Amino acid sequence: MDSTRSAASVRAEGDTFSLYRSSRPRLRGRAGSVVSAISTLTVIAVGIAVLASPSAAAFRRGFLDVHQMWIAFIGDPTKGILSVGKGFLLNLWLSLICEVIVLILALGIATLRLSTSPVLLPFRVLAVAYCDFARGVPVILVMLWVGFGVPSLNVPGLSTQSPVVYAGFVLVFAYTAYVAEVYRAGILSVPRNQVQAARSLGLSSTATLRSVVLPQAVRNVLPALLNDFTSLQKDTAIVSVVGVLDAVHAAQIAGGVTFNYSGFTIASLLFLAVTIPLTRYTDRIMAKDRGRRLAGAQ
Amino acid sequence: MTAGTPEVVLRVDDVHKRFGDLEVLRGVSLELRANEVVCLIGSSGSGKSTLLRCCNLLETIDGGSIELFGHDLAHERIDEDLVRRHTGMVFQSFNLFPHLSVLDNVTLAPRRVLGTSKATAEAEAMVLLDRIGLAQKAAEYPDRLSGGQQQRVAIVRSLAMSPRLLLLDEITSALDPELVSEVLGLVAELADQGMTMLLATHEMGFAREVADAVCFLEDGRIVESGTPTKIFEDPDEEATRRFLQRIIDAGRL
């Protein structure tokens, strides 16, 4: 009672305060759209001016030559130019196969890290060490290491695999660690009382994990999983360093033959054609999920 | 308590439980016979919830013993999943599975634990849901239900396993006042049907109405226990009187 009175008296002592912003009011409605139209047109005009300037001509010739892009895309065997489009198919299927394997292995690693059984202690330690290593070393380094190192070892069966197999192994090796951490965060995000409710119904720990924890965990981290998939999809480009003929490698060859680097541009566009829709889809899922959470908030 | 003394379902004997330095239960003993309803009352932190959780092996005890259906829960060969299969537990925070529909919430345990077929489990679940008037909500997700409805579904979810003992942990404490009665009504109905229940509650009027015995806990001990009439109208202990006075002052009796 005393404290409220003193607070009121403090405020009463000639406290003049304003409810008006000091800056100009924010533009709304029609005035706002006119201004945004003007600013957009200005940016476009500047962009055109830059591209049309004489110094940009070399840039356009070297990177944005549509004819060269097309040649790089379909390839020209007579000149030794290999198809970037065909190479990109390898990036696509490699990322899909790797993603499936990653999703399965990472789940195992994540549940292993969260297990409490004393028998599994050494495996838990190994799992932690693996995650630290795989996430802390540049993927390209592992790629060079495995892609050039393993064949040089002359181990029967292991050293004679195709570079695509090494590349796939390296991608799975690197991304399993990331995805395992995402899964782990997801599992930890499921409230403990969900586990207790399931266990108190007589569900075993395995059944609880499968029917109660994992469905909620995966839902909670779906955006992060899709993010990592997008990342994996474009990281398939590193297979080019060990001579696998993917979009990037093909573009490199085309550039070497024609001395025009529009092949890199078309390769970029191909990657973007996949990753942008995937990113938008992720955004949508996130927005939907947020809506669901807000609706479900108690 | 009643003539013929039915079998002892739960016997808690001198149970101690420590969380680090804090001793939450300091020698609690009680007995629960078939078809009996025992209410645990006492302020927050008196050990009511911990005691319930120990009976369901959600917590391990540090001393004393708990016998369920004549079996010592501390026995090395006790299967905690089997213990829980036969004892239902309902929580303050409902804990329905948010990713499953109401129907799937109820059928999950019978299907996964008992191996009941989907059709049978669903038919049985619909009977239970119909009994609480929520059959039309079977396909809804929990977040579309009111707190009272969620808690009634949580009770039904436990009942779907046909438990022989129901542990209810302050199941109305998270509810808006106007939703409390629908949940307590269901519990009273179960009591009438002879369900054996041990419940922690702050609803003294309800405890008085349905309980066969009331135990007042303070600082991890059962200070006083007896019939509701005895505890609420003529308690022996000063501590019980003080507690009840506080409840009356708060307008909750």
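The values are calculated or read from the model by the stated rules, or taken from the named source; none is laboratory data. Quantities reported herein were computed from a predicted structural model and do not represent experimental measurements. Note: ideal-geometry Cβ built from the backbone for every residue, glycine included; neighbour counts use all protein chains shown. Note: accessible area is taken over every heavy atom of the protein model, side chains too, but ligands, DNA and RNA are not part of it. Shrake-Rupley method; radii C 1.70, N 1.55, O 1.52, S 1.80 Å.
Things to note:
- B:ALA160 vs. criteria within 14 Å of chain A (Cβ to nearest Cβ) and over 20 Å from B:GLY47 (Cβ atoms): yes
- Residue match in region A:216-235 (condition: among the basic types (Lys, Arg), at the interface with chain B (Cβ under 10 Å from one of its Cβ atoms), surrounded by fewer than 18 Cβ atoms within 10 Å (Cβ to Cβ) and in contact with a Gly (Cβ under 9 Å, 6 or more places away or on another chain)): yes
- Among residues of region A:192-208, those that are more than 18 Å from B:MET161 (Cα to Cα) and at pLDDT 95 or above, counted: 0
- Residue match in region A:33-56 (condition: closer than 30 Å to A:ILE266 by Cα and in contact (Cβ under 8 Å) with a residue 24 or more places away in the chain): no
- Taking the listed residues A:LEU121, A:LEU188, A:LEU144, the one that is open to solvent by 50 Å² or more (accessible area, probe 1.4 Å), away from every other protein chain (no Cβ under 14 Å) and without any contact (Cβ under 8 Å) to a residue 12 or more places away in the chain is A:LEU121, with no other qualifying.
- So A:GLY157, is it part of a loop (DSSP other than H, G, I, E, B) and more than 14 Å from every other protein chain (Cβ to nearest Cβ): yes
- Close pairs (7 angstrom Cβ cut-off, 6 or more residues apart or separate chains): in a helix (DSSP H, G or I) in region B:167-189, at pLDDT 90 or above and among the small types (Gly, Ala, Ser) anywhere: B:LEU179/B:SER146; B:LEU179/B:GLY147; B:LEU179/B:GLY148; B:GLU182/B:GLY148; B:VAL183/B:GLY148
- Taken over region B:106-145, residues that are open to solvent by less than 50 Å² (accessible area, probe 1.4 Å), in a loop (DSSP other than H, G, I, E, B), closer than 27 Å to A:SER205 by Cα and away from chain A (no Cβ under 14 Å) amount to 1.
- Residue that is most open to solvent (accessible area, probe 1.4 Å) [pool: residues in region B:146-166 that are within 16 Å of B:ALA109 (Cα to Cα) and assigned to a loop (DSSP other than H, G, I, E, B)]: B:ARG164
- Beta carbons closer than 8 Å, at least 6 apart along the sequence or on distinct chains, pair a first residue in region B:84-105 that is more than 9 Å from chain A (Cβ to nearest Cβ) and over 13 Å from B:ILE171 (Cα atoms) with a second that is among the acidic types (Asp, Glu) and in a loop (DSSP other than H, G, I, E, B) for B:SER101/B:GLU140; B:VAL102/B:GLU140.
- Count of region A:247-264 residues, restricted to those that are surrounded by fewer than 20 Cβ atoms within 10 Å (Cβ to Cβ) and under 20 Å from A:THR230 (Cβ atoms), is 0.
- Residue in region B:191-200 that is closer than 29 Å to B:LEU82 by Cβ and without any contact (Cβ under 8 Å) to a residue 12 or more places away in the chain present: yes
- Whether a residue is closer than 22 Å to A:ASN193 by Cβ and part of a loop (DSSP other than H, G, I, E, B) was assessed, and B:SER44 passes this test.
- Being in a helix (DSSP H, G or I), within 14 Å of chain B (Cβ to nearest Cβ) and open to solvent by 40 Å² or more (accessible area, probe 1.4 Å) is not true of A:VAL165.
- Evaluating A:SER204 against the criteria (1) within 10 Å of chain B (Cβ to nearest Cβ); (2) open to solvent by 50 Å² or more (accessible area, probe 1.4 Å) leaves one unmet condition, (2).
- Only residues that are open to solvent by 30 Å² or more (accessible area, probe 1.4 Å) and part of a loop (DSSP other than H, G, I, E, B) were counted in region B:59-99, giving 15.
Condition check ((1) touching a Ser or Thr at 6+ places or on another chain (Cβ under 7 Å); (2) surrounded by fewer than 12 Cβ atoms within 10 Å (Cβ to Cβ); (3) under 24 Å from A:TYR175 (Cα atoms)) across all residues:
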| position | (1), (2), (3) |
| --- | --- |
| A:PHE63 | yes, no, no |
| A:VAL66 | no, yes, no |
| A:ALA72 | yes, no, no |
| A:VAL100 | no, yes, yes |
| A:LEU103 | no, no, yes |
| A:THR116 | no, yes, no |
| A:TYR130 | no, no, yes |
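- Sole residue being under 21 Å from A:VAL248 (Cβ atoms) and hydrophobic (A, V, I, L, M, F, W, C), chosen from A:VAL66, A:VAL46: A:VAL66
- Taken as a whole, region B:22-39 holds no residue that is touching a Leu at 6+ places or on another chain (Cβ under 7 Å) and on the phi > 0 side of the Ramachandran plot.
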